[in-house]
Amino acid sequence: MPEKDPSLMVRCLECDSRIYFERKPDMGQIIVCPECDTSLEVIRTSPIKLGWPDDAGAGNSAGGPVDLNEFFNALAEEEADHDDYGFDDDDDGAY
Ligand SMILES: [Zn+2]
């Protein structure tokens, strides 16, 4: 029985060195590369695949849903600006 199970081997995303697990890791488990000290998250267990922990990746933190309401409000505000000329006249006469 081989001591190192190839199915328990992953490569570090940072330095590409081999990391062996003693047993099958859990999803979401954070491991630290012994070579470069980088924290990596287990994003898949069979086969084992590593990813960057949530707060480390540049693109991951901005992955939330885009607030479309805010986007359209900004557009509406721009359009409303064009009506300001008429609106000013109204303001004078109302009071
Ligand atoms: Zn590494």
**Study point:** Residues in region 1-31 reached by a label modelled at Asp54 [backbone nitrogen below 18 Å; 7 Å Cα→Cβ]
**Key:** 26-31
Revision key, fill the gap. Exposure-ranked with fewest Cβ neighbours within 10 Å first, Arg44, Arg23 stand as Arg23, Arg44
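Read-outs throughout are calculated quantities, based only on the coordinates presented, and are distinct from any laboratory measurement. Only a predicted model underlies this, so the values are computations on that prediction, with no experimental measurement involved. All Cβ positions, even for glycine, are placed from backbone atoms using ideal geometry, and neighbour counts span all protein chains on display.
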